[in-house]
Amino acid sequence: MKLLVTGGAGFIGSNFILHVLETVSGARVINLDALTYAGNLENLAAVENDSRHQFVKMDIRDREAVARLCVAEKPDAVVNFAAESHVDRSIDGPEVFAQTNVLGTLSLLEATRKAGTGVFLQVSTDEVYGTLGAGGSFSETSPIQPNSPYAASKAGADQFVRAYHHTHGMDTRITRCSNNYGPYQFPEKLIPLMITNAMEGRGLPVYGDGLHVRDWIYVTDHCRAILAVLEKGAAGEVYNIGGVHELPNIEVVRTIVRAAGADESLIEFVKDRPGHDRRYAIDSSKARRELGWEPRVGFSEGIGRTLAWYQANRRWWERIKSSEYRDYYEKMYGNRL
């Protein structure tokens, strides 16, 4: 199996590449990434000299370059992780989200269609469904009702992917996953932000009342699901991927505080962000039934693994937090970061 993985230097993309090369015999990965702020080749240091992994610095919006690469390499499948992915940044600057997530995906679809590439797997998010009340969960037939510029851009990308299946007969597949966490996650996201701040004795900013609920999945479980969709999924289908660990944000933060041996006095409630969805929950019974997949890593175990990784890789995240990340977030939170 030869895969073209876009956004492979990011958090989930790099974990996916490492997982494929570790578990799939005979696999080869072409890793295409523009190396924007959240792309980091250090994530892939373990396969830097592995002949099965080829890195290509390229923007998915460069349709002609991507098409030439696809014609030359003839990958069996494309897995599209490439995206701007942070809600706060999308509120502050939505244009780049539309350009990368919508127009970039369209460019990639056109390039791979013309090159005759096989499966096109779009890695999406449960945020395209919007928000939930106290009961129920999102299924693959739930209406698309995005509430943030980020979610809207991912929903737009998904609709193009769907259209290319119905219009051009492409074998497109979409996964929509709940909140991921684990090694190599850029420390603007909730869990690595709380872990690294706790390690530094800094404040732990929690939006609003802290009762916004998310379903959490350890990144390797998500990678296993994507691989299952590639191997067993059906053309034109959507597969929801959930971790079955619904928790309010404040409980996630308190779990990290206890695991890190920090003081709960570090927790600070800050002004809520605009359009903050109250609850997400994923029904992943279709993936379980049709793909034989299920999550394996419980939340407590996953937090323990994640905390241990950030403790062992302090140099990795300290360099990130010392530059653009700190400049951006100090505008929002002052010196709490």
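The values are calculated or read from the model by the stated rules, or taken from the named source; none is laboratory data. All of these numbers come straight from a predicted model, not from anything done at the bench. Cβ coordinates were reconstructed from backbone atoms using ideal geometry, including for glycine residues, and neighbour counts include every protein chain displayed.
A few points about this structure:
- Residue 3 being under 22 Å from residue 120 (Cβ atoms), more than 15 Å from the chain's Cα centre (by Cα) and either surrounded by 15 or more Cβ atoms within 10 Å (Cβ to Cβ) or outside the structural domain of residue 319 (by TED's automatic domain parsing) (or both): yes
- Residues that are surrounded by fewer than 18 Cβ atoms within 10 Å (Cβ to Cβ) and out of contact with any Leu (no Cβ under 7 Å at 6 or more places or on another chain) within the stretch 42-54 comprise 42, 45, 48, 49, 51, 54, listed in sequence order.
- Meets criteria (among the small types (Gly, Ala, Ser), in contact (Cβ under 8 Å) with a residue 24 or more places away in the chain and not in a helix (DSSP H, G or I)) for residue 234: yes
- Filtered residue count, the stretch 37-47, keeping only those that are out of contact with any helix residue (DSSP H, G or I) (no Cβ under 8 Å at 6 or more places or on another chain) and not hydrophobic (A, V, I, L, M, F, W, C): 1
- Just one of the numbered conditions (1) without any contact (Cβ under 8 Å) to a residue 24 or more places away in the chain; (2) under 30 Å from residue 58 (Cα atoms) is not true of residue 144: (2).
- If you check 48, 84, 22, 42 for being assigned by TED's automatic domain parsing to the domain that holds residue 221, modelled with pLDDT of 95 or more and acidic (Asp, Glu), only one passes: 22.
- Among the residues of the stretch 193-225, those identified as of a type in the set (A, V, I, L, M) and outside any strand (DSSP E or B) are 193, 194, 195, 198, 199, 211, 219, 225.
- When residues of the stretch 256-285 are limited to those that are crowded, with 18+ Cβ neighbours inside 10 Å and in a helix (DSSP H, G or I), the one farthest from the chain's Cα centre (by Cα): 266
- Test for residue 291: is it buried (at least 16 other Cβ atoms within 10 Å of the Cβ), at pLDDT 95 or above and of a type outside the set (Lys, Arg): yes
- Residue within the stretch 98-108 that is surrounded by fewer than 22 Cβ atoms within 10 Å (Cβ to Cβ), touching a Pro at 6+ places or on another chain (Cβ under 9 Å) and either among the hydrophobic types (A, V, I, L, M, F, W, C) or on the phi < 0 side of the Ramachandran plot (or both) present: yes
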